[in-house]
1. Apply the Kirkwood formula to region 46-95: the hydrodynamic radius equals the inverse of the mean of 1/r over all pairs of different alpha-carbon atoms; give it in Å with one decimal.
2. Considering only C-alpha atoms, what is the centroid distance from region 56-100 to region 147-188, in Å?
3. Among rounded, prolate and oblate, which fits region 46-172 when a ≥ b ≥ c are the square roots of the eigenvalues of its C-alpha gyration tensor, a/c under 1.5 means rounded, and a/b larger than b/c means prolate?
4. What is the spin-label model distance, in nm, from residue 68 to residue 169 if the labels are put 7 Å beyond Cα along the C-beta direction?
5. Show me the ranking of peptides 173-183, 72-82 by mean Cβ neighbours inside 10 Å, starting with the highest.
Amino acid sequence: MSLNRRDFIKASGATVGGALLLGAMGESVALASPIKPIPLKKQIGETTTICPYDGSGCGFLVAAENGKVVNIEGDPEHPVNRGAACAKGASLRQLSADNPWRLSKVLYRAPAGNEWEEKEWDWALDKIARNIKTTRDASFIETDGKGNVVNRTEAIANLGGSALDNEECYLICKLNRALGVVYLEHHARL
């Protein structure tokens, strides 16, 4: 079918006129109406939350019964994901405290070791702080090749996560800058 310019303008005018006419008659004449999501609120104590995995801000419904999480699913009323979930979001159930596979104790494997040992949290935090201090002291650069003061370390890096809010990101950034860390990144940008 060949359409010349005059026929195209006639068809365009008829289409726009028809659309305006349907809009003027009201919603009762419309051929289709938007589907409203069916509320899926359950009686077992459901609440909403935001996915911590990336910066999208997808919404989820968390159902709890007797203080334990029994289900996590996409929130159909949330404007970002409308009930859908990516692979990471679909695994949110694994974050709940009553997940039998979730680690609840610090496990440590010594260098060149092949066995995991259970340690206390205080021991683990002291060990992390000691390792950071030792690495920073061993790799601290005060001046560059031209004699400029740089006060940095290139042996430590920090990769942030989207579960952090703005205030936590600010504090982590301040800590890393105070340590002289120059490799500071966030996984949502990678």
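1. 10.8 Å
2. Distance between centres, Cα-based: 30 Å.
3. oblate
4. 3.7 nm
5. 72-82, 173-183
Every read-out reported here was derived from the displayed coordinates using simple, explicitly stated rules and does not represent laboratory data. Note that the structure is a prediction, hence the values are computed from the model and not measured. Glycine gets a Cβ as well: all are built from the backbone with ideal geometry, and neighbour counts include every protein chain shown.
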